[in-house]
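The values are calculated or read from the model by the stated rules, or taken from the named source; none is laboratory data. Please read all numbers here as calculations on a predicted model, not as lab measurements. Heads up, the Cβs are rebuilt from the backbone with ideal geometry, glycines too, and the neighbour counts pull from every protein chain shown. The accessibility values were calculated without ligands, DNA or RNA, using every heavy atom of the protein model including side chains. Shrake-Rupley method; radii C 1.70, N 1.55, O 1.52, S 1.80 Å.
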Amino acid sequence: MAKIILLAVVFFVAHSLFKHRAPKQSAQKSEDMVKCTHCGVHQPASESVVSGGRFFCCDEHRQLHAR
């Protein structure tokens, strides 16, 4: 019986050490997705071109929509 208890304690200690040493993954921030007014492609807001409160996937689509 003592062997089983000793084995459980060793397992618990090893598990605790491994858990604390494992690298923690950084939390990724989510970002709003926006739709290009010209072609409808969805992309992150930080990668969009904004003009007049409208989002575009590239400067070319912004210029084409202005016509």
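At-a-glance table
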| quantity | calculated |
| --- | --- |
| Close pairs (7 angstrom Cβ cut-off, 6 or more residues apart or separate chains): in a strand (DSSP E or B) in the range 37-50, open to solvent by 60 Å² or more (accessible area, probe 1.4 Å) anywhere | 42/33; 42/35; 43/33; 44/31; 44/33; 49/59; 49/62 |
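Condition check ((1) at pLDDT 95 or above; (2) among the hydroxyl-bearing types (Ser, Thr, Tyr); (3) assigned to a strand (DSSP E or B); (4) on the phi < 0 side of the Ramachandran plot) across all residues:
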| position | (1), (2), (3), (4) |
| --- | --- |
| 7 | no, no, no, yes |
| 12 | no, no, no, yes |
| 15 | no, no, no, yes |
| 19 | no, no, no, yes |
| 26 | no, yes, no, yes |
| 29 | no, no, no, yes |
| 55 | yes, no, yes, yes |
